[in-house]
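Below is one structure; the comments refer to it alone.
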């Protein structure tokens, strides 16, 4: 498959779990541990999909999402927000800001994340 996915997540355990499940599905996974590094990697690595935590050090996920959405070069990258906040207004704000979807951390399994990634790339073929 070798489609590149960028995971921007500061929680070590969750990040390793996401990377592992996506690699087992055949994806090329890169990661960043804070918002600034994540934004730099988007520009340099040009991933085909981003999984983005909202609460990040150095730059918040919602700000990265807004920057991507306002960029002609990167606005078409599907971004899936990863958050502990399940409030509908937060989810709605993310979708309005350009997120293609979202995962609420306590309610989402690693398998569900992998399934969404597989569906995303099946749509692009």
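Laboratory data are not the source of any read-out in this text; all were calculated from the coordinates shown. Remember, it's a predicted structure, so these values are computed and weren't measured experimentally. In this analysis, Cβ positions are derived from the backbone assuming ideal geometry, glycine residues included, and neighbour counts consider all displayed protein chains.
Here residue 57 meets each of (1) surrounded by fewer than 14 Cβ atoms within 10 Å (Cβ to Cβ); (2) within 20 Å of residue 122 (Cα to Cα); (3) out of contact with any strand residue (DSSP E or B) (no Cβ under 8 Å at 6 or more places or on another chain) with one exception, condition (2). Of the residues making up the stretch 41-54, those that are closer than 14 Å to residue 75 by Cα, surrounded by 14 or more Cβ atoms within 10 Å (Cβ to Cβ) and in contact (Cβ under 8 Å) with a residue 40 or more places away in the chain are 47, 48, 49, 50.
Scanning the stretch 1-41 for residues that are closer than 22 Å to residue 71 by Cα, part of a helix (DSSP H, G or I) and under 11 Å from the mean Cα position of the chain (by Cα) yields a count of 1.
Residues that are surrounded by 12 or more Cβ atoms within 10 Å (Cβ to Cβ) and touching a residue at least 12 places away in the same chain (Cβ under 8 Å) within the stretch 92-107 comprise 93, 94, 97, 98, 99, 100, 101, 102, 103, 104, 105, listed in sequence order.
Of all residues in the stretch 7-40, exactly one satisfies the criterion of being surrounded by fewer than 19 Cβ atoms within 10 Å (Cβ to Cβ) and closer than 13 Å to residue 74 by Cβ, namely 40.
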